[in-house]
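Undergrad: Can you keep this structure in mind? I'll have questions shortly.
The values are calculated or read from the model by the stated rules, or taken from the named source; none is laboratory data. Please read all numbers here as calculations on a predicted model, not as lab measurements. When we count neighbours, we look across all protein chains shown, and the Cβ atoms used for this are built from the backbone with ideal geometry, even at glycine. These accessible areas exclude ligands, DNA and RNA; they are computed on the full protein's heavy atoms, side chains included. Shrake-Rupley method; radii C 1.70, N 1.55, O 1.52, S 1.80 Å.
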Amino acid sequence: MQRPVADLSAFLAPASVAVIGASADAGKIGARPLRYLKKFGYAGAIYPVNPRGGEIDGLTCYTDVGAIPGAVDCAIIVTAGEHVMAALRGCAAKGVRAAVVISAGFGETGEAGRAAEAEMQAMGAAGMRVLGPNNQGTVNLMTGTVVGFNPLLEALDSFRSGSIGLVSQSSGIGFGLLGLGLERGLGFAHLVTTGNEADLSFAECALALLEREEVRVVMGALEGVKDVAMLRSLAARSQELGKPVVVLKGATSQAGGRAAASHTGSLAGRGAVFSAFCRQFGIVEAQSFDELLDLAQAFSGKAPPRPGNRVAIATGTGGTAVLMTDALDREGFALPAPSAETEAALRKVLPAIASFGNPIDMTTANLGNRSLFLETAKLIGTDGGYDSLVTVVGPAVGQGGVDYARQIIAAAQHVPAMFVSWTAPDGPGQAMLREACIPSVPSPQRLGKVMAACRARAEFADRAAAPAVPMPGREARIAKARAMLDAVPGRILAEHQAKALCALWDLPVTREILATDAAAAMAAAEKLGFPVALKLQSASIGHKTEIGGVLLGLADAAAVAVGTAKLLAAARIHAPDAVIDGVLVQEMVSGVGEVIVGVVADASLGPAVMAGPGGVLAEIIEDVGFRIAPFDAAEAARLRGETRLSKMVAGVRGGAAWDAAALDALLARVSVMADELEGLVAEIDLNPVIVRADGAGAVIVDALVVKAG
């Protein structure tokens, strides 16, 4: 059941605010919320609260929140950490609707702190919503209502409002982004910082802002995901409303990560799965502050820009146009030349020394006659071969910048989409473009990233959602899988056990027989047919090739007998304490390509499926993509399309095309397996999966499963 959208009105538009821990000492944090409420023109009632009572800054100071004569919408708590819970309980008893806990020292400090946060969560469920602890509150830039504090507010005298909603787990990052954005001329509607998220989460606050009429785009910064269900709701609602959500996530490096037992675990990283989540569900991910702010500006118009794929560049500065061409080429945009008719028309408008290809270089003649750009844009618009026009503006400042901006705004009416790279200090010309909702950034490289993100979001919006089709027999499969996993004493399943688990989901695996001695191995080989492979089997030996535990292409019974003895001897040397199940006699499988397929249980986002070029070099190549389970074959195709598999499936160096459909079906089925094994399995490695020629299928040749725990 989907939870209702959080009501943030008591934070963003409170009729009254109590400051608990208020101080008359201007140097203390307790003095700042009062100062900012007054400084930015808050019109509601303000109630300082401090056990000393008296008066603070001309306002009656109450000894306790319960002593306040009227209703209190929002309380700002700036007391020492040990007094916070008593203050919150008093607020709940008073009927306060919302509380901002600025104080720190809770969940991050130990069990007592976590218990306090659990109580805050219960207060939220009972009706008093809590932001924090360890956050610096909210800012409503539409009204000037500041419910919190930050040093940035000392440097500001007023706010520039706009259509951007900003949410950040980190208050330092949130207010920092606000300051940087305001410096660049961006307009914000609201800022919400969430801190430790004992009650209100990043996703809840972002969704609440998204629903507000004045907000056209939500940008955010987060370190971790505490509420994946709400994050999915945020992504879905973003598509329904046509309002983009742009995020920057921290804590994505391998530093501090756990040691992984499988290839999949080591390849997952801390950011790869989150990035996959964003691509899969339509959230736009930024990689830097600059990109986050650029994208927020680009998406802050009445409708998200749609650059398409066919781009024309028109400029008066040739050198920068070359950089723009490079940037767009890196992002996979096409730069077709104008049609013969358009080129002939351009030659009538532009000087003879102009360049009439793509980029179109109007030369410095554009400086003396700004209408050249408008005329060029009109011709590009009527060409029919372009989805968007990029203009590269040099250091046009002052009146020259204003004149150019007027031409750009006029030209935008004649082309499907307009984007601008303007290499100059921010000025009135760029402000005019922002007002006209035309994306403009200072460098070609940054504009290329912006356009790629806009294109990806438009393509996602145009796709029809297709949820994975359930596989009959879910509960019976899970029960059988649980029994199989419980029968294995350790955490790692040997290959034969892992493949038996895969078979519950009808995944294609090799024909094979487990043998405990040479005689049994020879009999198994005769039954399967030569040549065969031999593999040492032990749950204690995860990667068999590293100790010589795999032999391939054994052509007769004698070779199988010798090979069996060799593998068992290798086990005694390299893993003397390991429990050896025997030797797996396996059919030899050939195909046209190898793929690594895996599953990792992400602590925040749930099970994710991985795929990429496989084999023994998979970890070195590190060319993989991820998707959150479950998903369908169409999503599987998009997953492999993010790796070199996108080209390999067509055939390598003149080789046969791969059975891409079989691979996609296998990935989708693995995603069902991953979803149903959630909580039971930590990692799955299927490496290699041999893909045969088109129409001949795919088969899992080796498998490793790591149990949860």
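Undergrad: Local charge sum around GLY81 (other residues, Cβ-Cβ under 14 Å, Lys/Arg +1, Asp/Glu -1)? Present the calculation step by step, with values, prior to reporting the outcome.
TA: Numbers: positive: ARG114; negative: GLU82, GLU108, GLU117, GLU119.
That sum, taken over residues with Cβ under 14 Å, equals -3.
Undergrad: Tell me the angle of helix 474-486 to the major Cα principal axis of the chain, expressed in degrees between 0 and 90 and rounded to the nearest ten.
TA: Helix 474-486 sits at roughly 70 degrees to that axis.
Undergrad: Extending each Cα 7 Å along its Cβ direction at GLU619 and GLU240, get the distance between those two points in nm, one decimal.
TA: Distance between label points: 4.4 nm.
Undergrad: Report the calculated FRET efficiency for ASP462 and ALA118 (r = Cβ-Cβ distance, R0 = 51 Å), to the nearest 0.05.
TA: Values: r = 43 Å, r/R0 = 0.85.
Once the sixth-power term is evaluated, E becomes 0.75.
Undergrad: Shifting gears a bit: With the dipole of region 419-503 worked out from charges on the C-beta (+1 for Lys and Arg, -1 for Asp and Glu) around the Cα centre, which of ALA465, LEU433, LEU501 lies farthest toward the positive end?
TA: Final value for the positive-end residue is LEU501.
Undergrad: What list of whole percents do you get for P(r) of region 341-420, with Cα-Cα distances grouped in 5 Å bins up to the one holding the largest distance?
TA: 3, 15, 29, 27, 18, 6, 1, 0
Undergrad: Let me ask something else about it. Mind scanning LYS527/LYS566; LYS249/LYS544; LYS499/LYS527; LYS94/LYS226; LYS38/LYS243; LYS348/LYS449 and naming the pairs with a C-alpha gap bigger than 27 Å?
TA: Values: LYS527/LYS566 21 Å; LYS249/LYS544 37 Å; LYS499/LYS527 19 Å; LYS94/LYS226 29 Å; LYS38/LYS243 33 Å; LYS348/LYS449 34 Å.
From the list (LYS527/LYS566; LYS249/LYS544; LYS499/LYS527; LYS94/LYS226; LYS38/LYS243; LYS348/LYS449), the Cα-Cα distance tops 27 Å for LYS249/LYS544; LYS94/LYS226; LYS38/LYS243; LYS348/LYS449.
Undergrad: Quick one: with all protein chains in place, what share of the accessible area of the chain is carbon or sulfur, to the nearest percent (1.4 Å probe)?
TA: The computed percentage sits at 54.
Undergrad: Okay, moving on. Between ALA569 and ASP403, with labels modelled 7 Å along Cα→Cβ, what's the label distance in nm to one decimal, could you check?
TA: Placing both labels 7 Å along Cα→Cβ, they lie 8.9 nm apart.
Undergrad: Multiply the residue gap between ALA555 and THR423 by 0.36 nm, knock off their C-alpha separation, and tell me the result in nm, one decimal place. All intermediate terms of the calculation are to be shown ahead of the outcome.
TA: Details: separation 132, 0.36 × 132 = 47.52 nm, distance 6.85 nm.
40.7 nm is the gain from fully extending ALA555 to THR423.
Undergrad: Suppose each label sits 7 Å from its Cα in the direction of the beta carbon; what would the VAL349-ALA503 distance come out to in nanometres?
TA: 7.0
Undergrad: What accessible area per residue comes out for the chain, rounded to a whole number of Å², with a 1.4 Å probe? Intermediate results must be reported in sequence, preceding the final value.
TA: Numbers: 28280 Å² over 709 residues.
Heavy-atom accessible area per residue stands at 40 Å².
Undergrad: When the Cα atoms of the chain are enclosed in a convex hull and the volume is divided per residue, what value in Å³ results? Each step should come with its number before you reach the end.
TA: Working: hull volume 129.5 nm³, N = 709.
Here the figure is 183 Å³ per residue.
Undergrad: Further, regarding this structure: Give me the aspartates and glutamates in straight-line cross-link reach of LYS535: C-alpha distance below 13 Å, same-chain residues under 8 apart excluded.
TA: GLU495, GLU512, ASP517, GLU546, ASP581, GLU587, ASP702
Undergrad: Another question, then. Would you tally the net charge around VAL392, using a Cβ to Cβ cut-off of less than 14 Å, leaving VAL392 out, and scoring K and R as +1, D and E as -1? Before the final figure, lay out the partial values.
TA: Numbers: positive: ARG446; negative: ASP326, ASP361.
After counting each charged neighbour, the total is -1.
Undergrad: Could you give the semi-axes, largest first, of the ellipsoid that matches region 29-147, computed as the square roots of 5 times the alpha carbon gyration tensor eigenvalues and rounded to whole Å?
TA: On the way: eigenvalues 107, 51, 40 Å².
Ellipsoid half-lengths, sorted descending, are 23, 16, 14 Å.
Undergrad: Place +1 on the Cβ of every Lys and Arg and -1 on the Cβ of every Asp and Glu in the chain, take the dipole about the Cα centre, and give the residue among ALA693, THR320, ALA571 whose Cα lies farthest towards its positive end.
TA: Comparing the listed Cα positions along the dipole, THR320 ranks first.
Undergrad: Calculate the translational D of region 528-588 in whole µm² s⁻¹ from Stokes-Einstein, where the hydrodynamic radius comes from the Kirkwood formula applied to all Cα pairs, the temperature is 25 °C and the viscosity 0.890 mPa s.
TA: Values: Rh = 11.5 Å.
Roughly 214 µm²/s, to the nearest whole number.
Undergrad: Something else: Tell me what the chain gives for mean residue ellipticity at 222 nm when only DSSP H runs of n ≥ 4 count, each as -39,500 (n - 2.57), the sum divided by the residue total, rounded to 500 deg cm²/dmol. Could the numbers behind the result be given before it?
TA: Values: 26 runs with 270 residues, N = 709.
After summing the helix terms and dividing by the residues of the chain, the value is -11500 deg cm²/dmol.
Undergrad: Among LYS226, LYS302, LYS38, what's the order by accessible area (1.4 angstrom probe), most exposed first? Working shown, then result.
TA: Working: LYS226 135, LYS302 180, LYS38 90 Å².
Result of the area sort, largest leading: LYS302, LYS226, LYS38.
Undergrad: May I pose another question? Give the angle, between 0 and 90 degrees and rounded to the nearest 10, that separates the Cα long axis of helix 84-94 from the longest principal axis of the Cα atoms of the chain.
TA: Once rounded, one gets 70 degrees.
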